[in-house]
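*Asks:* Below is the structure I would like to discuss, written out as structure tokens.
Just so you know, all these numbers are worked out from the coordinates, no wet-lab data involved. Computed from a predicted structure; not experimentally measured. Note that we place each Cβ from the backbone using ideal geometry, even for glycine, and neighbour counts take in every protein chain shown.
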Amino acid sequence: MNDELKKTANISKKRETIMDGAIKAFVMEGYEKASMDRIAYHAEVSKRTVYNHFANKDDLFQAVFKRLLSEQELLKNISYDPDKTIEEQLALFADAEIFLINDPSRLALCKVLTTVFIQDSQLAMETKSKYGPPHTNLVNWLKSADEDGRMEIPDPHLAAQIFHAMIEGALTWPALFQPCQTEEQLKPLKENMIETFLSRFGKNT
């Protein structure tokens, strides 16, 4: 690795370290009380180092949110597979949503983000505007399943909204306000929601 690549890698690693420290501060102390000093403390770096990478706490917040979405989007990058069952593939999309709550640290961060967005609707709208439509991968998958004759989807965008509303409403949101269930405990509900979705949009072949 040449010097330039090493420098880039070190910068990237330092940014990740700072974001990890920010998450600890947001979760342990709350967003409002998590000063740049406290973020530097949790990241085990100097405050100057934090400011070298992020202009302010809002920039850090946006970076943390973007990283969380990016991790989730990797799971949503699902291509339609004619050799797999529809149920199996829809379960992958459901698992991508459950990803946000199936780890205690990630769930704690989701609670912080939700609280911030509820308290500051302007920040929520500004943050949302920076990213593309939330269900693009599922919409494309539904179109392919329809074209393959295995589902009947007159409006893929609406169908995607319905599917996500079911998963988020029954699994993601409750986890923010009550003890989190294990993946095994969530499995029957997830399977029944997929079955319900397919009773509307599925197609017997």
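*Asks:* Cα gyration tensor of the range 24-122, axes a ≥ b ≥ c as square roots of the eigenvalues: rounded (a/c below 1.5), prolate (a/b > b/c) or oblate?
*Replies:* prolate
*Asks:* Calculated from DSSP H runs of 4 or more alone, at -39500 (n - 2.57) each and per residue, what is the 222 nm mean residue ellipticity of the chain, nearest 500?
*Replies:* Computed mean residue ellipticity for the chain: -22500 deg cm²/dmol.
*Asks:* With θ set to phi - 60° and the Karplus curve 6.51 cos²θ - 1.76 cosθ + 1.60, what are the ³J(HN,Hα) couplings of the range 79-91 in order, to the nearest whole Hz, using x for Gly and Pro?
*Replies:* So the Karplus estimates, Gly and Pro as x, are 8, 4, 10, x, 8, 10, 5, 4, 4, 4, 6, 5, 4 Hz.
*Asks:* Which one, F177, I153, H164, projects farthest toward the positive side of the charge dipole computed for the range 145-191 from Cβ point charges (K/R +1, D/E -1)?
*Replies:* F177
*Asks:* Same structure, new question: If packing is taken as the average number of other Cβ atoms within 10 Å across a peptide's residues, how do 78-89, 143-154 rank, most packed first?
*Replies:* Peptide ranking by packing, descending: 143-154, 78-89.
*Asks:* Which aspartates and glutamates have a Cα less than 18 Å from the Cα of K47, not counting those fewer than 8 places away in the same chain?
*Replies:* Within the straight-line limit of under 18 Å, K47 reaches these aspartates and glutamates: E16, D20, E29, E32, D37, D58, D59.
*Asks:* With charges only on Cβ, +1 for K and R and -1 for D and E, what is the dipole size of the chain about its Cα centre, in debye, rounded to 20?
*Replies:* With Lys and Arg at +1 and Asp and Glu at -1, about 900 debye.
*Asks:* Given charges of +1 on the Cβ of Lys and Arg and -1 on the Cβ of Asp and Glu, with all other atoms neutral, how large is the dipole of the range 57-118 about its Cα centre, in debye to the nearest 20?
*Replies:* Computed charge dipole of the range 57-118: roughly 400 debye.
*Asks:* Enumerate the calculated ³J(HN,Hα) couplings along the range 115-122 in order (Karplus 6.51 cos²θ - 1.76 cosθ + 1.60, θ = phi - 60°), each rounded to whole Hz, writing x wherever the residue is Gly or Pro.
*Replies:* 4, 4, 5, 5, 6, 10, 5, 5
*Asks:* Could you compute the net charge surrounding D120? Neighbours are other residues with a C-beta less than 14 Å from the C-beta of D120; K and R count +1, D and E count -1.
*Replies:* Within the 14 Å Cβ shell, the charges total -1.
*Asks:* K203: which lysines have alpha carbons under 27 Å from its alpha carbon, excluding same-chain residues fewer than 8 sequence positions away?
*Replies:* Correct list for K203: K76, K84, K143, K187, K190.
*Asks:* Here are a few candidate values for Cα Rg over 2.2 N^0.38 Å: [x] 1.20; [y] 1.00; [z] 1.46. Which one was actually calculated from the structure I just gave you?
*Replies:* [x]
*Asks:* Compare the peptides 104-112, 117-125 by average per-residue count of other Cβ atoms within 10 angstrom and give them in order, highest first.
*Replies:* 104-112, 117-125
*Asks:* Provide the packing ranking of 52-58, 163-169, i.e. peptides ordered by the mean count of other C-beta atoms within 10 Å per residue, highest first.
*Replies:* Put in order of decreasing packing, that is 163-169, 52-58.
*Asks:* Please turn the phi angles of the range 93-102 into ³J(HN,Hα) values with the Karplus equation 6.51 cos²θ - 1.76 cosθ + 1.60 (θ = phi - 60°), one per residue in order, whole Hz, x for glycine and proline.
*Replies:* 5, 4, 5, 5, 6, 5, 3, 5, 10, 8
*Asks:* Amide H of M151: which non-local residues (sequence gap of 5 or more, or other chain) have their own amide H closer than 5 Å, using H built in the peptide plane?
*Replies:* Here D146 satisfy the definition.
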